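Taking it in order: structure first as structure tokens, then the write-up.
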Amino acid sequence: MKFAVCVFPGSNCDYDTYYVIRDLLEKKVDFVYYNQKDLSSYDCVVLPGGFSFGDYLRPGALAARTPLAQAIVDFALKGKLVLGICNGFQILTELELLPGALLPNSSLKFICRDVYLKVENANTPLTKKLEEGEILRIPIAHHDGRYYVPQETLKEMEERNQILFRYTDEKGITSELANPNGSVAHIAGVMNKDKNVFGMMPHPERASEDILGSHDGLMLWYSLISE
């Protein structure tokens, strides 16, 4: 399996993601840059976290207008795997590959800390190595992470099991206190209808080794390579 890690001006988690794929998963991986137009040689594309183009206009807006963005759309429409993390999630919503939008946190502050997530759907390429209801501890680092969709869209997504993760406490209980950014229905990650495009605000690449305080994110990567 061969991965591509997208690099936009301002990306800051590209090397972290590259390291996990190359050194921990021991898979082939390349950096692909914002002016690249062809992703046909890859099996999975990862859009890492960061502040692409300095978050000007709004996070992900300018990155979604690059040649690489169009290549990502073409790649996804062929049914290949795409994972967007943090700013990558924001870009995927800008491209309308995922429903909804990421708004400023309800606190209007940048938040960087560990959070707890409950796995809502374990029957996906990103979560197949996990159990439904399993609790993960993975860090977040964002200012614009408040996921929003209208109630009608949310109902449709829940009926299709498109919700991947929700913010909870360590016991798996949802509450306003456990929701770090005010996301609708406590949502931390979603996927598209075809189950090949995934977005999440928490950073699994920052929770893939014990030395970082948690390896709970590692099973997401193992899920992807078990395809």
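Only bridges whose two residues both fall in the stretch 2-225 count here: according to DSSP, what percent of them are antiparallel, nearest 5? Walk me through the intermediate numbers first.
Working: 23 of 40 bridges.
Expressed as a percentage, antiparallel bridges in the stretch 2-225 total about 60.
With each pseudo-label sitting 7 Å past Cα toward Cβ, what's the Gln151-Ile211 distance in nm, one decimal?
With each label placed 7 Å out from Cα toward Cβ, I get 5.0 nm.
Holding the Cα-Cα limit at 26 Å, pick out from Lys37/Lys78; Lys27/Lys129; Lys27/Lys195; Lys80/Lys171 the pairs that are longer than that.
Details: Lys37/Lys78 15 Å; Lys27/Lys129 18 Å; Lys27/Lys195 22 Å; Lys80/Lys171 34 Å.
Long pairs (Cα-Cα over 26 Å): Lys80/Lys171.
Enumerate by residue number the GluC sites (Glu not before Pro) in the stretch 49-133 meeting two conditions: DSSP loop (anything except H, G, I, E, B), and at most 16 other Cβ atoms within 10 Å of the site's Cβ. Mind dumping the intermediate values first?
Working: sites: Glu94, Glu96, Glu120, Glu131, Glu132; in loops: Glu96, Glu120, Glu131, Glu132.
Sites meeting the loop and neighbour criteria: Glu96, Glu131, Glu132.
Fewest to most neighbouring Cβ within 10 Å: what's the order for Phe53, Phe89, Phe31? Numbers along the way, then the final one.
Values: Phe53 21, Phe89 29, Phe31 14.
Starting with the residue having the fewest Cβ neighbours, the order is Phe31, Phe53, Phe89.
If you take the beta carbon distance between Phe31 and Ala122 as r and set R0 to 25 Å, what does 1/(1 + (r/R0)^6) give as a FRET efficiency, to the nearest 0.05? Don't skip to the end; give the middle numbers.
On the way: r = 31 Å, r/R0 = 1.23.
In this case the efficiency is close to 0.25.
Rounded to the nearest 0.05, what FRET efficiency do Asp114 and Asp74 give with R0 = 35 Å and r taken as the Cβ-Cβ distance? Could you check?
Values: r = 36 Å, r/R0 = 1.03.
Once rounded, the FRET efficiency stands at 0.45.
Treating only the Cα positions of the stretch 2-225 as identical point scatterers, give the base-10 log of I(q)/I(0) from the Debye formula at each q in 0.14, 0.18 Å⁻¹.
-0.78, -1.40
Given the rule -39500 (n - 2.57) for each run of at least 4 DSSP H residues, summed and divided by the residues of the chain, what is its mean residue ellipticity at 222 nm, to the nearest 500 deg cm²/dmol?
Values: 5 runs with 42 residues, N = 227.
One gets -5000 deg cm²/dmol as the mean residue ellipticity at 222 nm.
Counting other Cβ atoms within 10 Å, keep those with at most 16, restrict to DSSP loop, and tell me which trypsin sites (Lys or Arg not before Pro) in the stretch 39-85 are left. Show your work: numbers first, answer last.
Numbers: sites: Arg65, Lys78, Lys80; in loops: Lys78, Lys80.
In loop regions of the stretch 39-85 (DSSP not H, G, I, E or B), the sparsely surrounded trypsin sites (Lys or Arg not before Pro) are Lys78.
With θ set to phi - 60°, apply the Karplus curve 6.51 cos²θ - 1.76 cosθ + 1.60 along the stretch 55-68 and write out the HN-Hα couplings as whole Hz, x wherever there is a Gly or Pro.
Karplus-based 3J(HN,Hα) across the stretch 55-68 equals 6, 5, 6, 6, x, x, 5, 6, 4, 6, 10, 9, x, 4 Hz.
If I build a Gaussian network model for the chain, linking alpha-carbon pairs within less than 10 angstrom, which residue out of Asn87, Asn35, Asn121 has the largest mean-square fluctuation?
Judging by the Gaussian network model, the answer is Asn35.
Taking Cα centroids, how far is the stretch 1-72 from the stretch 164-227 in Å?
19
Assuming R0 = 35 Å, can you tell me the calculated FRET efficiency for the pair Ser106 and Leu24, based on Cβ-Cβ distance, to the nearest 0.05? All intermediate terms of the calculation are to be shown ahead of the outcome.
Numbers: r = 34 Å, r/R0 = 0.97.
E between Ser106 and Leu24, to the nearest 0.05, is 0.55.
Using amide H atoms built 1.01 Å from N in the peptide plane, name the residues 5+ places from Phe31, or on other chains, whose amide H lies under 5 Å from its own.
Val5
So for Tyr56, Tyr222, fewest C-beta neighbours within 10 Å to most, what's the order? If you can, show how the numbers build up before the last one.
Details: Tyr56 11, Tyr222 14.
With the fewest neighbours first, Tyr56, Tyr222 line up as Tyr56, Tyr222.
Which of Val149, Val46, Val184 has the fewest other C-beta atoms within 10 Å, and how do the rest follow up to the most? The partial results should precede the final answer.
Working: Val149 21, Val46 27, Val184 16.
So the residues, fewest neighbours to most, are Val184, Val149, Val46.
Where a number appears in this text, it was derived from the coordinates with a stated rule and is not lab data. Since we're looking at a predicted model, the values are computed, not measured. Every residue, glycine among them, receives a Cβ derived from its backbone with ideal geometry; neighbour counts consider all protein chains shown.
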